[in-house]
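The values are calculated or read from the model by the stated rules, or taken from the named source; none is laboratory data. Since the model is a prediction, treat every value here as computed from it, not as a measurement. Positions of Cβ are backbone-derived with ideal geometry, glycine not excepted, and every protein chain shown enters the neighbour counts. Remember, those area values only see protein heavy atoms, side chains included, never the ligands or the DNA or RNA. Shrake-Rupley method; radii C 1.70, N 1.55, O 1.52, S 1.80 Å.
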Amino acid sequence: MNFDDTPQEAEFRATARAWIGANAPKQYEDELRKSSLGRTQLKNANILEVAKTWQKKKADAGWACLHWPKEYGGRGSSPIERVIWQQEEGAFGKLSHMFIIGHGMCGPTMMAFAREEHKRTYLPPLASGEKVWCQLFSEPAGGSDVAGLRTRAEKDGDDWVINGQKTWTSGAHYSDYGILLTRTDPDVPKHKGLTMFFLDMTSPGVEVRPIKQASGASDFNEVYFTDVRIPDHQRLGEVGDGWNVSLTTLMNERMSIGAGVSTGFPELFEYCASLMLDDGPAIEDRAVRSKLANWAVKASGLRYTSMRAISALSKGERPGPENSIGKLVAGSMIQDVATYALDLQAAAGFVSDPDDAELAGRFQAMLLRAPGTRVEGGTDEIMRNIIAERVLGLPGDIRVDKDMPFNKIPTKGRG
Amino acid sequence: MNFDFSDDQKQLRDQACKFLTEKCSPKAVRVVLDGKAPYDKELWMGLAEMGFLGVAIPEEFGGAGAGHLELCVIAEEMGRANAPVPFSSTVYLAAEALLIAGSDAQKKKWLPAIASGEAIGTLALFEGKGNPSPKNVKLTAANGVLNGVKKPVADGAIADFAVVAARTGSSGRDGDISLFLVDLKAGGVEVKSLTNLDPTRGQAEIIFKDCKAESLGAAGEGWSILTQVLDRAAVLCAFEQVGGSDRALEMGRDYALDRIAFGRQIGSFQAVKHMLADMYVSATLARSNSYYGAWALSTNASELPEAAAAARISATQAFQHCAKNNIQVHGGMGFTWEFDCHMYYRRANAMALGLGSLAYWEDQLIDRMRKKNAA
Ligand SMILES: Cc1cc2nc3c(=O)[nH]c(=O)nc-3n(C[C@H](O)[C@H](O)[C@H](O)COP(=O)(O)OP(=O)(O)OC[C@H]3O[C@@H](n4cnc5c(N)ncnc54)[C@H](O)[C@@H]3O)c2cc1C
């Protein structure tokens, strides 16, 4: 067991540090450092532009998507080098936020299922941030039950014609491409009639309408498809095998490990060290210390769990469903941490202008974003199911629609 | 970076697991639980033969000289088996105190005896209520003679020697405390067994009356040595707690697969599944924190104090969480003496107290994190 860098790792770190030191957009470092979940905006600059510029600079110098093969725009790095890079990139890493879906989910799915010429064409500009990708899975009828989706794809010559609606599509409004899960056969049980494609978001018939989120921001969208044509060579995997393809995507989503899931703890610790309560500094208070200690060990537990996963990965082991734990723990923790931080301030916790109350504003942003974190990419309940069924081997939930043809399944609710 | 045990260490863990599965069945544990023996002597001698008692003791003192990572994997298995032997008091507390502060002669006298299973040791620190703190040490030492009462002392009734914390000054500072070694078989002490939460590991009261003792470490250094001993023991106990958590989770999972109610395996009810998933989460976080503690312990890193407190808190919580929900999954069966669930429940809650309460370790963790941030 060893936490120190090997000589090669140390050399890699030194090179990365030197390059970041010479090239990172330092004028934004402080602002990025102070931003947290729900609050990554720049006051005097367009964050999308800053992020794209930084990503392109990284790609040109061979620092983008480190673990991807070189021919697809990566560096062919080891998992540990990837972590070292993230540690060195520090606050600037927050700029990669808008590329997460593309780099974490769409890219790996393309790598596993796209034709070679498509990989060579589409992956390098995805790695370099020149092109942004989104994931078009969820629909009003299918979120957790993603296989319940209804967007139709019908074969017409060498093309497929798409009609339907997606929703909650993060980043669709600035995305150039997307991976799209569709129904190609409604007469078979729901998991068996799905097919995956990738498409150009500027195709005729694609309409993106931003949705305002509960937090007040507008990061996700509704996407409507009216007779959109996708050539068959943009199909990912076999016709009817879309469920398996999407599982690859979701696996990759969960194993975007080492990304350092945000827990809110460092912010809370810093805050309690500076906050004065009636009886003195918050951090001297017995009750506050107890809360802090409990969250501290959750945060460190998550950190070392991901290091264990990375160690396993570098020995060639495949990351499994146990990686669902990060999002499950961090999601509710950040919500609780933010609630507690505001409670410590009592009425003053209302005030959210970052200029008036830098840290309060930060916790409010976390509080308002956290509900989304507990839902996106699989809800807490779905994560627990995954752990129970796939890690502990407990029976699957009872599925009343299991062998029913899709078009015979009763529906109620949205859509 | 490599954040995992080596293949050799994993092999040692498997070996310990196999040995304990064979020699330390729940039935064997129950002999001690039911009060028919103060500890499992045969198992103790078996552990000595396997080299497990002296795994972290240097070869020159009769041990295997393997190291603390090796001791951690064995500790995990001791916890999984709920072993009814004085392992933690002898190996984590007494032996570690000797390794840190013992003179050559003291090490030569006691460490080989520990490794061979001949001597059981313990730490006599507590005097009734209160967490580890110099001000809670009232027992006095003057000219190498001890007077006072220690209780509870883990495995005190079966121990051959004790490391005793005593007051040697009156400045009100840490420097008032010194450590002593007492041969409990040499007289000057009166030992009484105490009924206790977890009968598989006994507790005793020891009354020291003009008891002759030799210094362990320099006078006035007692508190700083004790802090190191407690930190090391916190990591080692955390591994026992991780082993116990894992076993409790496994028992719950197996029962959920086996038991049918309402025409289905109870493990197909989501409330039960989610309860088990949450047990897995806390056991995993505890394991990861403990691995970090193991690394800090084995390299004597400056991170040890913080890592030890984190491992302690996380593993204590996980074991309590898993042990109580294991009973819940088992329903009424879980609340019978006959089922093994309560052995882990007792052990989990007893282990939560042995090195100071959760509140104590929470305090330590925050102090240590502040120190690090200030540095
Ligand atoms: C911020 C954000 C960004 C998103 N980005 C994207 C994106 O980019 N692309 C995309 O495709 N989707 C995206 N989504 C959608 C997201 O994947 C779904 O919202 C999510 O999977 C939950 O599905 P749902 O909203 O349909 O909720 P439902 O499935 O209707 O769930 C409602 C409630 O029922 C519970 N529930 C459902 N099924 C079960 C079950 N089997 N057992 C127990 N409880 C159950 C849920 O846990 C939840 O509490 C995003 C969502 C959010 C909030």
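From the residues in segment B:246-269 that are of a type in the set (Lys, Arg) and more than 9 Å from every other protein chain (Cβ to nearest Cβ), which one is nearest to B:ARG80 (Cα to Cα)?
Step one: filter segment B:246-269 for residues of a type in the set (Lys, Arg), giving B:247, B:253, B:259, B:264.
Right, trim to more than 9 Å from every other protein chain (Cβ to nearest Cβ) and you get B:247, B:259.
Numbers: B:ARG247: 5, B:ARG259: 23 Å.
Out of the qualifying residues, it is B:ARG247.
Inspect all residues belonging to segment B:233-242 and state whether any of them is more than 7 Å from chain A (Cβ to nearest Cβ), open to solvent by 40 Å² or more (accessible area, probe 1.4 Å) and part of a helix (DSSP H, G or I).
Start the filter on segment B:233-242 by keeping residues that are more than 7 Å from chain A (Cβ to nearest Cβ), which leaves B:233-242.
When the remaining residues are screened for being open to solvent by 40 Å² or more (accessible area, probe 1.4 Å), the result is none.
Within segment B:233-242 (the criterion being more than 7 Å from chain A (Cβ to nearest Cβ), open to solvent by 40 Å² or more (accessible area, probe 1.4 Å) and part of a helix (DSSP H, G or I)), the answer is no, since none of the residues qualifies.
For segment A:1-18, enumerate the residues that are over 26 Å from the mean Cα position of the chain (by Cα) and assigned to a helix (DSSP H, G or I).
Within segment A:1-18, the first condition is being over 26 Å from the mean Cα position of the chain (by Cα), and the residues that meet it are A:1-12, A:14-15, A:18.
A:PRO7, A:GLN8, A:GLU9, A:ALA10, A:GLU11, A:PHE12, A:ALA14, A:THR15, A:ALA18, listed by residue number.
Mind listing whichever residues of segment A:375-401 are more than 14 Å from every other protein chain (Cβ to nearest Cβ) and either near the ligand (Cβ under 9 Å from one of its atoms) or of a type in the set (Val, Ile, Thr) (or both)? Working first, answer last.
Just the residues of segment A:375-401 that are more than 14 Å from every other protein chain (Cβ to nearest Cβ), to begin with: A:375-377, A:401.
Selection gives A:VAL375, A:GLU376, A:GLY377.
Go through segment B:67-178 and tell me which strands (runs of 3 or more DSSP E), entirely inside it, have 1 or more residues that are charged (D, E, K, R). Please lay out each step first, then the result.
Numbers: elements: B:121-124, B:140-142, B:145-154, B:161-167.
Correct list: B:145-154, B:161-167.
Based on what the data block shows, is A:ARG286 more than 13 Å from chain B (Cβ to nearest Cβ), without any contact (Cβ under 8 Å) to a residue 24 or more places away in the chain, surrounded by fewer than 19 Cβ atoms within 10 Å (Cβ to Cβ) and among the charged types (D, E, K, R)?
No: the conditions fail for A:ARG286.
So how many residues does segment B:188-197 have that are in contact (Cβ under 8 Å) with a residue 12 or more places away in the chain and outside any strand (DSSP E or B)?
The total comes to 3.
Has segment A:106-117 got any residue that is over 24 Å from A:GLY205 (Cβ atoms) and within 16 Å of the ligand (Cβ to nearest atom)?
There is at least one residue in segment A:106-117 that is over 24 Å from A:GLY205 (Cβ atoms) and within 16 Å of the ligand (Cβ to nearest atom).
Looking at B:ALA283, B:ALA310, B:ALA348, B:ALA352, which one is facing chain A (nearest Cβ under 9 Å) and small (Gly, Ala, Ser)?
Numbers: B:ALA283 fails: facing chain A (nearest Cβ under 9 Å); B:ALA348 fails: facing chain A (nearest Cβ under 9 Å); B:ALA352 fails: facing chain A (nearest Cβ under 9 Å).
Result of the check over B:ALA283, B:ALA310, B:ALA348, B:ALA352: B:ALA310.
For segment A:341-370, what are the residues that are within 13 Å of the ligand (Cβ to nearest atom) and either out of contact with any Gly (no Cβ under 9 Å at 6 or more places or on another chain) or open to solvent by 60 Å² or more (accessible area, probe 1.4 Å) (or both)? Give the steps one after another, and end with the answer.
From segment A:341-370, those within 13 Å of the ligand (Cβ to nearest atom) are A:368-370; that's our starting set.
Once the filter is applied, which keeps residues that are within 13 Å of the ligand (Cβ to nearest atom) and either out of contact with any Gly (no Cβ under 9 Å at 6 or more places or on another chain) or open to solvent by 60 Å² or more (accessible area, probe 1.4 Å) (or both), segment A:341-370 yields only A:LEU368.
Each row is one residue, and each column tells you yes or no for (1) surrounded by fewer than 21 Cβ atoms within 10 Å (Cβ to Cβ); (2) over 24 Å from the mean Cα position of the chain (by Cα).
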{"position": "B:GLY169", "(1), (2)": "yes, yes"}
{"position": "B:PHE180", "(1), (2)": "no, no"}
{"position": "B:VAL191", "(1), (2)": "yes, no"}
{"position": "B:LYS212", "(1), (2)": "yes, yes"}
{"position": "B:GLY217", "(1), (2)": "no, no"}
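Check B:PHE208 against each of (1) open to solvent by 20 Å² or more (accessible area, probe 1.4 Å); (2) not in a helix (DSSP H, G or I) and name the one condition it does not meet.
Condition not satisfied by B:PHE208: (1).
Answer yes if at least one residue in segment A:200-210 is more than 14 Å from chain B (Cβ to nearest Cβ), part of a strand (DSSP E or B), without any contact (Cβ under 8 Å) to a residue 24 or more places away in the chain and in contact with a Leu (Cβ under 9 Å, 6 or more places away or on another chain), and no otherwise. Reasoning before the result, please.
Quick first cut of segment A:200-210, residues more than 14 Å from chain B (Cβ to nearest Cβ) only: A:200-210.
In the following step, the residues that additionally are part of a strand (DSSP E or B) were identified as A:200, A:206-210.
Still in the list and also without any contact (Cβ under 8 Å) to a residue 24 or more places away in the chain: A:206-207, A:209.
Add one more test, that the residue is in contact with a Leu (Cβ under 9 Å, 6 or more places away or on another chain), and what stays is A:206.
Looking through segment A:200-210, at least one residue is more than 14 Å from chain B (Cβ to nearest Cβ), part of a strand (DSSP E or B), without any contact (Cβ under 8 Å) to a residue 24 or more places away in the chain and in contact with a Leu (Cβ under 9 Å, 6 or more places away or on another chain).
Which condition breaks for A:ALA348 when tested against (1) within 14 Å of another protein chain (Cβ to nearest Cβ); (2) at pLDDT below 95?
Exception for A:ALA348: condition (1).
Against the definition (surrounded by 15 or more Cβ atoms within 10 Å (Cβ to Cβ) and more than 28 Å from A:TYR122 (Cα to Cα)), how does A:ARG33 come out, yes or no? Steps first, please.
On the way: surrounded by 15 or more Cβ atoms within 10 Å (Cβ to Cβ): no; more than 28 Å from A:TYR122 (Cα to Cα): yes.
For A:ARG33, the condition - surrounded by 15 or more Cβ atoms within 10 Å (Cβ to Cβ) and more than 28 Å from A:TYR122 (Cα to Cα) - is not met.
Being open to solvent by 40 Å² or more (accessible area, probe 1.4 Å), away from the ligand (no atom under 16 Å from the Cβ) and of a type in the set (Gly, Ala, Ser) is the filter here; which residues of segment A:148-198 pass it?
Within segment A:148-198, just A:GLY157 meets the criteria.
Kindly check whether there is at least one residue in segment A:53-75 that is crowded, with 19+ Cβ neighbours inside 10 Å and within 30 Å of A:LEU368 (Cβ to Cβ).
Yes, segment A:53-75 has at least one match.
Among the residues of segment A:14-30, is there at least one that is at pLDDT 95 or above and within 14 Å of chain B (Cβ to nearest Cβ)?
Of segment A:14-30, the ones at pLDDT 95 or above are A:14-29.
Right, trim to within 14 Å of chain B (Cβ to nearest Cβ) and you get none.
Among the residues of segment A:14-30, not one is at pLDDT 95 or above and within 14 Å of chain B (Cβ to nearest Cβ), which makes the answer no.
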